[in-house]
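Below is one structure, written out as structure tokens; the observations come after it.
The values are calculated or read from the model by the stated rules, or taken from the named source; none is laboratory data. Predicted model only: the values in this text are computed from it and were never measured. Neighbour counts run over all protein chains shown; Cβ positions are idealised from the backbone, glycine included.
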Amino acid sequence: MINKEEISKLSSLARIEIPTEEIGQVQEHLSKVVDFISKIKKAPVKEGADEPEHRNVLREDGNANEAGKYSPDLLGQAPELEKGYVKVKKVLK
Amino acid sequence: MTRINLSDLTIKKVHELLQNGDLSARELLEFYAENIKKYEKDTHAFLELFDDAYQQAGRVDKQIKSGKEIPLLAGIPLAVKDNILIKNRKCSAGSRILENFTAPYDAAVISKLKNEGVVFVGRTNMDEFAMGSSTENSAFGPTKNPYDSTRVPGGSSGGSAAAVARQFCLGALGSDTGGSLRQPAAFCGVVGLKPTYGAVSRYGLIALGSSLDQIGPLAKSVEDAEIIFNVIRGKDKMDSTTVDSKIVSLCEIPRSGKNSKIKNFTLGVPKEFFEMNGENKELDRGVVAAMENSIAVLNKTGCVVKQISLPAFEYAVETYYIIMSAEASSNLARYDGIKYGFSAKGENLLEVYMKSRENGLGDEPRRRVLTGTYVLSAGYYDEYYGMAQNVRNFMRAALVDKFKEVDVILSPTTPTLPFKIGEKADDPVAMYLSDIFDGGANLTGIPAMSLPAGFAKVENGKELPAGVQLMAPWFCEERLFECGKLLEISN
């Protein structure tokens with residue numbers, strides 16, 4: 001069973017507020033999921049099973065598109081704007 | 001204008017009718033619109049019907065009138081899952097947090113289909129961020145199974161599957177991270193193809209698990225699915241996991257039949273899929289019957305069906321849920337209430353993040369993000385994520401070996417028939433097990449296709465569809481189509 005402290009730590013790492021009245025249910029559901037995935041500890045694994053071949057696929061360095069081409073569309077979706085910038089609440093107290 | 005029976009239509013038939021002038025694209029759309037008007041209320045397959053569908057169809061009609069040869073998919077009405085971007089259309093991934101998000105560009109698959117002249121009829125309902133197996137996790141209410149409105153259509157591409165089954169369109173696009181095309185295809189009695197990882201560009205697909213996600217077609221027949229797949233596949237510079245279509249058409253693993261007396265396919269049925277992990281062994285009788293029937297049909301056509309063993313797959317669901325949750329927790333970090341989407345008020349920046357994600361994301365996405373955070377956090381990483389990657393490599397290696405013995409693997413698509421709405425709502429793990437046979441294809445990257453394999457009677461005399469799944473080696477989709485057609489004709 002995942003305890004309340006762990007839930008609160010996960011909530012803060014994942015940046016998801018969990019209201020006090022929901023903690024019990026989240027705890028119950030998450031514990032079920034963790035119990036379930038914990039069975040993987042018993043899985044048969046061959047040491048050093050071949051990893052698939054990975055290689056990097058990189059594009060030429062440079063502008064992917066004309067500067068500012070999509071800016072109005074993209075900025076238009078932000079909840080708050082000021083002078084063409086996305087506006088956020090203050091970060092420091 | 002002759003009366004058309006929509007259930008008889010295939011893409012090729014419609015193409016001929018359109019090209020010969022026996023039917024216009026607008027007339028065709030009217031037939032589908034009639035069906036939507038009649039049945040959509042009881043189905044809820046769509047989140048939005050596009051108001052410009054007739055204009056799209058009109059453009060195709062103009063081309064035909066001017067004497068042009070039209071592409072195979074021109075004028076074909078398709079539906080699109082709500083996680084695939086269509087420029088200037090809303091795209092919400094079934095979530096409140098993106099309820100008012102407007103797509104700033106076309107997904108790669110949409111550009112390709114637009115070039116063909118496809119008519120997009122609407123965007124379809126889905127489990128929020130493609131997390132679920134029933135569409136009950138949609139923030140906008142569940143879709144209902146076309147064969148029984150008290151049951152689920154499967155998910156997460158449940159809206160797309162139901163729309164095809166209900167004859168609201170001739171085909172649809174969906175996405176599949178761990179069964180999200182195949183499981184709803186089985187529950188709705190249609191064909192669903194998850195292509196090889198790298199076959200189809202995900203540019204413009206709202207990401208869930210980036211090492212698992214693929215876009216694929218839902219259709220009424222194997223041939224229709226094949227036609228749509230052949231249009232959407234291929235290398236795209238915007239998705240660096242995609243592979244050149246010349247390579248995509250080459251299946252490097254030789255078929256057994258080519259150098260032996262067996263004329264057709266050798267199929268393997270993994271015994272672990274029937275006795276997994278000591279639990280959930282109980283396949284529904286209807287599903288067993290569908291399997292037996294399919295094996296009999298394939299035997300008759302000259303295929304050899306034999307039992308194989310894939311012990312590495314016994315922990316496929318656990319492995320899948322660890323890797324998918326880890327990737328989802330990272331992919332969903334972008335929904336923070338700052339750049340777009342739902343934003344909650346807060347005193348400071350952190351509070352805006354915390355509250356936007358609390359109120360904008362539903363229960364299942366929150367659960368998976370928390371699970372992903374858990375398996376990636378210090379102290380647990382090796383035990384879960386590291387272990388899951390090892391099992392994943394082990395599974396892949398096992399398949400490389402197994403595909404030397406068999407050409408195609410056959411299994412049920414789902415352990416049960418469509419379940420009741422609400423039945424698994426309170427038990428996330430029970431819901432996860434609905435995809436028990438499907439996640440393996442995503443973890444290893446192989447292509448897999450679910451196709452209808454008959455109906456099973458349930459209480460009150462209702463009949464529900466059952467599906468079987470074919471799996472082939474990497475980039476051997478053609479093998480799925482060929483084998484699928486053998487099964488389809490006989491069913």
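Go through segment B:456-491 and give me each residue that's under 18 Å from the mean Cα position of the chain (by Cα) and polar (S, T, N, Q).
Of everything in segment B:456-491, just one residue is under 18 Å from the mean Cα position of the chain (by Cα) and polar (S, T, N, Q), namely B:Gln469.
When you scan segment B:412-431, how many residues do you find that are among the hydroxyl-bearing types (Ser, Thr, Tyr) and surrounded by 24 or more Cβ atoms within 10 Å (Cβ to Cβ)?
The qualifying residues number 2.
Go through segment B:353-366 residue by residue and tally those that are touching a residue at least 12 places away in the same chain (Cβ under 8 Å) and crowded, with 23+ Cβ neighbours inside 10 Å.
Step one: of segment B:353-366, the residues touching a residue at least 12 places away in the same chain (Cβ under 8 Å) are B:353, B:355-365.
Cutting the leftovers down to crowded, with 23+ Cβ neighbours inside 10 Å gives us B:353, B:356-357, B:360-361, B:365.
The qualifying residues number 6.
Tell me yes or no: at least one residue of segment B:12-33 is in a helix (DSSP H, G or I), closer than 21 Å to B:Val190 by Cβ and touching a Lys or Arg at 6+ places or on another chain (Cβ under 8 Å).
The answer is no, given that none of the residues of segment B:12-33 is in a helix (DSSP H, G or I), closer than 21 Å to B:Val190 by Cβ and touching a Lys or Arg at 6+ places or on another chain (Cβ under 8 Å).
Could you say which residue among B:Lys457, B:Lys420, B:Lys462 is touching a Leu at 6+ places or on another chain (Cβ under 9 Å) and either at positive phi or charged (D, E, K, R) (or both)?
One residue alone meets the criteria, B:Lys457.
Which of the helices (runs of 4 or more DSSP H) contained wholly in segment A:1-79 include at least 3 residues that are without any contact (Cβ under 8 Å) to a residue 60 or more places away in the chain, within 9 Å of another protein chain (Cβ to nearest Cβ) and among the acidic types (Asp, Glu)?
Of the helices (runs of 4 or more DSSP H) lying wholly inside segment A:1-79, none has at least 3 residues that are without any contact (Cβ under 8 Å) to a residue 60 or more places away in the chain, within 9 Å of another protein chain (Cβ to nearest Cβ) and among the acidic types (Asp, Glu).
Identify the residue in segment B:356-367 that is charged (D, E, K, R) and farther than 13 Å from B:Gly341 by Cβ and, among all such residues, is nearest to the other protein chains (Cβ to nearest Cβ).
That would be B:Glu358.
Can you pull out every residue in segment B:35-55 that is part of a helix (DSSP H, G or I) and in contact with a helix residue (DSSP H, G or I) (Cβ under 8 Å, 6 or more places away or on another chain)?
B:Asn35, B:Thr43, B:Ala53, B:Tyr54 - these are the residues of segment B:35-55 that are part of a helix (DSSP H, G or I) and in contact with a helix residue (DSSP H, G or I) (Cβ under 8 Å, 6 or more places away or on another chain).
Which is within 25 Å of B:Glu488 (Cβ to Cβ), outside any helix (DSSP H, G or I) and modelled with pLDDT under 90, of B:Lys281, B:Lys263, B:Lys258?
Checking each option against the conditions leaves just B:Lys263.
Among the residues of segment B:438-454, which ones are at pLDDT 95 or above, in a strand (DSSP E or B) and not aliphatic (A, V, I, L, M)?
Taking segment B:438-454 first, the residues at pLDDT 95 or above are B:438-453.
From what's left, in a strand (DSSP E or B): B:448-453.
Once the filter is applied, which keeps residues that are at pLDDT 95 or above, in a strand (DSSP E or B) and not aliphatic (A, V, I, L, M), segment B:438-454 yields B:Ser450, B:Pro452.
Identify, by number, the condition in (1) within 14 Å of chain A (Cβ to nearest Cβ); (2) part of a loop (DSSP other than H, G, I, E, B); (3) over 16 Å from B:Ala79 (Cβ atoms) that B:Ile97 doesn't meet.
Every listed condition holds for B:Ile97 apart from (2).
For every residue, the table says whether it meets (1) β-branched (Val, Ile, Thr); (2) at pLDDT below 95; (3) in contact with a helix residue (DSSP H, G or I) (Cβ under 6 Å, 6 or more places away or on another chain); (4) outside any loop (DSSP other than H, G, I, E, B).
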{"site": "B:Phe394", "(1), (2), (3), (4)": "no, yes, yes, yes"}
{"site": "B:Leu410", "(1), (2), (3), (4)": "no, no, no, yes"}
{"site": "B:Pro415", "(1), (2), (3), (4)": "no, yes, no, no"}
{"site": "B:Ser434", "(1), (2), (3), (4)": "no, yes, no, yes"}
{"site": "B:Phe475", "(1), (2), (3), (4)": "no, yes, yes, no"}
{"site": "B:Glu478", "(1), (2), (3), (4)": "no, yes, no, yes"}
{"site": "B:Cys483", "(1), (2), (3), (4)": "no, yes, no, yes"}
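Quick check on my filter: what residues within segment B:313-352 are over 24 Å from B:Ser156 (Cα atoms) and either surrounded by fewer than 24 Cβ atoms within 10 Å (Cβ to Cβ) or more than 9 Å from every other protein chain (Cβ to nearest Cβ) (or both)?
Result: B:Ile338, B:Lys339, B:Ser343, B:Ala344, B:Lys345, B:Gly346, B:Glu347, B:Asn348, B:Leu349, B:Leu350, B:Glu351, B:Val352.
Surrounded by fewer than 17 Cβ atoms within 10 Å (Cβ to Cβ) and at pLDDT below 85: which single residue out of A:Pro44, A:Pro19, A:Pro72 fits that description?
A:Pro44 is the lone residue from the list that is surrounded by fewer than 17 Cβ atoms within 10 Å (Cβ to Cβ) and at pLDDT below 85.
What tally of residues in segment B:292-347 results from selecting those that are part of a helix (DSSP H, G or I), touching a strand residue (DSSP E or B) at 6+ places or on another chain (Cβ under 8 Å) and closer than 22 Å to B:Glu405 by Cβ?
5
Considering only segment B:391-407, I want to know if a residue exists there that is surrounded by 16 or more Cβ atoms within 10 Å (Cβ to Cβ), touching a residue at least 40 places away in the same chain (Cβ under 8 Å) and of a type in the set (Asp, Glu).
Yes: segment B:391-407 contains one or more residues that are surrounded by 16 or more Cβ atoms within 10 Å (Cβ to Cβ), touching a residue at least 40 places away in the same chain (Cβ under 8 Å) and of a type in the set (Asp, Glu).
Quick grid of which residues meet (1) surrounded by 24 or more Cβ atoms within 10 Å (Cβ to Cβ); (2) of a type in the set (S, T, N, Q):
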site	(1), (2)
B:Phe129	yes, no
B:Phe140	no, no
B:Thr150	no, yes
B:Gly154	yes, no
B:Ser157	yes, yes
B:Ser160	yes, yes
B:Leu170	yes, no
B:Leu193	yes, no
B:Gly198	no, no
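Do you know which residues across segment B:399-408 are charged (D, E, K, R) and touching a helix residue (DSSP H, G or I) at 6+ places or on another chain (Cβ under 7 Å)?
B:Asp407
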